[in-house]
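What follows is a single structure, written as structure tokens, with notes after it.
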Amino acid sequence: MPRFPLPPVPSPLIDVELSGSPRRGVPTAVVDTGKAGDVRDADGEFRWLVGVGEGSAKDWRTAGAALVRAARADGEKPARDVQVQLAPDARVPEFVLGALLGGYQFKVSADTRPGLRTLRLITASADQDAVARVRELAAATALARDLANTPSNIKNPAWLAETAERVVTGAPGVRATIRDEAWLAEQGFGGVLAVGGGSASPPRLIELTYRPRGAAKHLLFVGKGITFDTGGLSIKPAEGMHLMRTDMAGGAAVIAALRAIATLRLDVRVTALVPAAENHVSGGSYRPGDVVRHYGGKTTEVGNTDAEGRMVLADALVYGIRRFRPDAVVDVATLTGAMKVALGVRTGGLFATDDELAKRLAEAGERTGEAFWRMPLLEAHAEAVRGELGDVKQAPGGPGGITAALFLREFVDGVPWAHLDIAGPARADKTYAEVVPGATGFAARTLVELAASYA
């Protein structure tokens with residue numbers, strides 16, 4: 001049971017109002033061509049000048065985020081309400097997205113001082129529907145951040161499952177089904193059970209379905225849901241292990257995305273699966289050298305218990321493809337440190353067996369401000385994944401991000417499939433653009449935009 005109250009999930013967002021005229025007595029900002037995100041004090045009717053740089057989408061997101069942070073930090077009495085004067089050529093949706101996410105905070109604290117409440121946009125050019133849609137995208141990102149930031153003394157697999165079920169309650173057309181450890185054993189989810197076997201908190205499979213009537217396409221999203229990762233018997237170094245509360249960021253992204261897709265009533269069927277487990281150390285932990293039988297019968301030769309994400313994803317991929325027969329599959333996971341080495345911490349790795357799906361994902365990320373770079377599924381390394389004791393090797397060595405993707409490809413059975421390795425951008429250690437330290441909610445907006453491209 002929780003020993004302290006946590007902020008509500010999902011976190012509330014500030015209110016955004018559109019108006020043709022300013023309100024007297026409310027602190028006011030105006031944008032200029034200064035450096036993007038540079039907020040300066042002004043004289044006269046304006047309280048702040050906010051730089052938008054060259055006016056790119058990222059510049060406008062950065063400006064919105066910077067203004068909200070400046071208002072919150074403004075002296076001993078932070079502003080509760082702020083208004084900003086925008087020209088007709090302003091990129092309002094991007095500015096709003098930055099403002100909604102730039103002031104995000106997740107803090108377990110006795111400090112209950114209120115933050116910014118309302119952002120009033122003085123503009124005649126804004127599209128109310130576009131702003132409402134951006135709000136849902138921001139809400140998805142914030143929810144994914146909330147889930148990933150929650151400490152792991154609260155967030156075990158059962159908590160994640162119960163919370164996922166709660167946050168989608170009321171979303172139109174959504175049904176949640178939670179599978180417990182007995183069901184997983186009966187169905188043969190050997191990967192999930194192996195990874196979760198070392199923990200006192202048993203694993204779960206979270207199954208969320210959104211089925212609008214008459215939808216022509218069906219997408220399957222699978223998100224890694226490791227609620228804490230010690231590395232198991234192949235234990236991680238102590239330094240940095242505290243960040244492993246966010247190792248379910250892929251699962252958080254698919255939960256949040258499905259909720260937003262349903263709220264927006266997109267005309268595409270979506271199923272989200274999150275295999276949730278805690279990779280812990282005990283007499284029940286799985287071992288290097290074990291051979292694990294996955295759902296569907298394929299066996300994996302374990303080489304490193306810290307490569308647990310691919311173990312749980314393998315079960316969920318086979319189950320989801322066989323049960324739901326989707327038109328395309330996307331899995332999302334903080335899977336490999338190798339991807340952080342290859343692409344840094346602001347770009348996700350994109351692997352795909354289908355060029356059209358890869359193109360849709362990359363473009364969806366670009367439209368929503370999330371960067372992906374397509375990586376190769378190099379056939380030269382495919383043979384390394386073949387097992388000696390089992391059908392496949394879990395950790396064959398070589399280029400880690402690529403061999404992990406090749407391992408997962410063994411479980412997708414020919415359906416168009418993409419794998420998003422978000423190990424780098426799922427967490428941040430400093431503020432930039434609309435991102436704040438901690439979980440970033442990365443990939444949630446991309447998944448929503450991908451679904452919209454099919455709808």
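The values are calculated or read from the model by the stated rules, or taken from the named source; none is laboratory data. Because the structure is a prediction, the values reported are computed rather than measured. Backbone-built Cβ (ideal geometry, glycine too); neighbour counts: all protein chains shown.
Inspect all residues belonging to region 199-207 and state whether any of them is among the charged types (D, E, K, R) and either farther than 15 Å from Thr227 by Cβ or surrounded by fewer than 22 Cβ atoms within 10 Å (Cβ to Cβ) (or both). Outline the logic, then answer.
Looking only at region 199-207, we keep the residues that are among the charged types (D, E, K, R), and these are 204, 207.
With the extra rule that they be either farther than 15 Å from Thr227 by Cβ or surrounded by fewer than 22 Cβ atoms within 10 Å (Cβ to Cβ) (or both), the set shrinks to 207.
Within region 199-207 (the criterion being among the charged types (D, E, K, R) and either farther than 15 Å from Thr227 by Cβ or surrounded by fewer than 22 Cβ atoms within 10 Å (Cβ to Cβ) (or both)), the answer is yes, since at least one residue qualifies.
Consider region 319-335. How many of its residues are surrounded by fewer than 24 Cβ atoms within 10 Å (Cβ to Cβ) and farther than 17 Å from Leu184 by Cα?
Residues in region 319-335 being surrounded by fewer than 24 Cβ atoms within 10 Å (Cβ to Cβ) and farther than 17 Å from Leu184 by Cα: 5 in total.
Tell me the residue from Gly401, Gly348 that is buried (at least 19 other Cβ atoms within 10 Å of the Cβ), among the small types (Gly, Ala, Ser) and under 14 Å from the mean Cα position of the chain (by Cα), please. So that I can check it myself, show each step before the final result.
Numbers: Gly401 fails: under 14 Å from the mean Cα position of the chain (by Cα).
Selected residue: Gly348, the only one of Gly401, Gly348 that is buried (at least 19 other Cβ atoms within 10 Å of the Cβ), among the small types (Gly, Ala, Ser) and under 14 Å from the mean Cα position of the chain (by Cα).
Which of the residues that make up region 411-431 are farther than 17 Å from Arg245 by Cβ, surrounded by fewer than 17 Cβ atoms within 10 Å (Cβ to Cβ) and not β-branched (Val, Ile, Thr)?
Asp413, Gly414, Lys430
Within the bounds of region 205-212, is there any residue that is among the polar types (S, T, N, Q) and within 30 Å of Val168 (Cβ to Cβ)? If you could, list the steps in order and put the result at the bottom.
Residues of region 205-212 among the polar types (S, T, N, Q): 209.
Going one step further and asking which of them are within 30 Å of Val168 (Cβ to Cβ), we end up with 209.
Scanning region 205-212 turns up at least one residue that is among the polar types (S, T, N, Q) and within 30 Å of Val168 (Cβ to Cβ).
Considering only residues that are more than 32 Å from the chain's Cα centre (by Cα) and not in a strand (DSSP E or B), which ones fall in region 34-49?
Restricting attention to region 34-49, the residues satisfying the condition of being more than 32 Å from the chain's Cα centre (by Cα) are 40-49.
Hits for region 34-49 are Ala42, Asp43, Gly44, Glu45, Phe46, Arg47.
State all residues of region 379-408 that are farther than 21 Å from Ile422 by Cα, in contact (Cβ under 8 Å) with a residue 12 or more places away in the chain and hydrophobic (A, V, I, L, M, F, W, C); if no residue qualifies, say none.
Residues of region 379-408 that are farther than 21 Å from Ile422 by Cα, as a first pass: 379-393.
If we keep only those that are in contact (Cβ under 8 Å) with a residue 12 or more places away in the chain too, we end up with 381-382, 384-385, 387-393.
Passing the criteria: Ala382, Ala384, Val385, Leu389, Val392.
Scan region 83-111 for residues that are part of a loop (DSSP other than H, G, I, E, B) and over 25 Å from Pro10 (Cβ atoms) and jot them down. First the steps, then the outcome.
Step one: of region 83-111, the residues part of a loop (DSSP other than H, G, I, E, B) are 86-91, 103-111.
Correct list: Leu86, Ala87, Pro88, Asp89, Ala90, Arg91.
I'd like to verify a number: residues in region 299-318 that are in contact with an Asp or Glu (Cβ under 9 Å, 6 or more places away or on another chain) and either surrounded by 20 or more Cβ atoms within 10 Å (Cβ to Cβ) or free of Cβ contacts under 8 Å to residues at least 24 places away in the same chain (or both), how many? Give the derivation first.
Residues of region 299-318 that are in contact with an Asp or Glu (Cβ under 9 Å, 6 or more places away or on another chain), as a first pass: 299-302, 305-306, 308-309, 313-314, 316-318.
Subset that is either surrounded by 20 or more Cβ atoms within 10 Å (Cβ to Cβ) or free of Cβ contacts under 8 Å to residues at least 24 places away in the same chain (or both): 300-302, 305, 308-309, 313-314, 316-318.
Number satisfying all stated conditions: 11.
Can you list residue pairs whose Cβ atoms sit under 6 Å apart, with the first residue in region 56-82 being assigned by TED's automatic domain parsing to the domain that holds Ala36 and part of a strand (DSSP E or B) and the second being modelled with pLDDT under 95 and among the hydrophobic types (A, V, I, L, M, F, W, C)? Count only pairs 6 or more apart in sequence or on different chains.
Within 6 Å, the pairs are Asp81/Val26; Val82/Ala71; Val82/Leu119.
Check region 237-258 and report whether any residue there is basic (Lys, Arg) and in a loop (DSSP other than H, G, I, E, B). It would help to see each step written out before you state the result.
So the first thing to find is which residues in region 237-258 are basic (Lys, Arg), and the list is 245.
Checking the rest, the ones that are also in a loop (DSSP other than H, G, I, E, B) come to none.
No; the residues of region 237-258 include none that is basic (Lys, Arg) and in a loop (DSSP other than H, G, I, E, B).
Of the residues Gly251, Gly231, Gly240, only one is in contact (Cβ under 8 Å) with a residue 12 or more places away in the chain, surrounded by fewer than 24 Cβ atoms within 10 Å (Cβ to Cβ) and closer than 23 Å to Gln394 by Cβ; which?
Values: Gly251 fails: surrounded by fewer than 24 Cβ atoms within 10 Å (Cβ to Cβ); Gly240 fails: in contact (Cβ under 8 Å) with a residue 12 or more places away in the chain.
Checking each option against the conditions leaves just Gly231.
Can you name the number of the only condition in (1) closer than 18 Å to Lys155 by Cβ; (2) at pLDDT 95 or above that Ser234 fails?
Condition (1) is where Ser234 drops out.
So if I check each of Ala161, Ala144, Ala148, which one is buried (at least 22 other Cβ atoms within 10 Å of the Cβ) and more than 26 Å from Arg323 (Cβ to Cβ)? If you could, list the steps in order and put the result at the bottom.
Numbers: Ala161 fails: more than 26 Å from Arg323 (Cβ to Cβ); Ala144 fails: more than 26 Å from Arg323 (Cβ to Cβ).
None of the others qualify; the one that does is Ala148.
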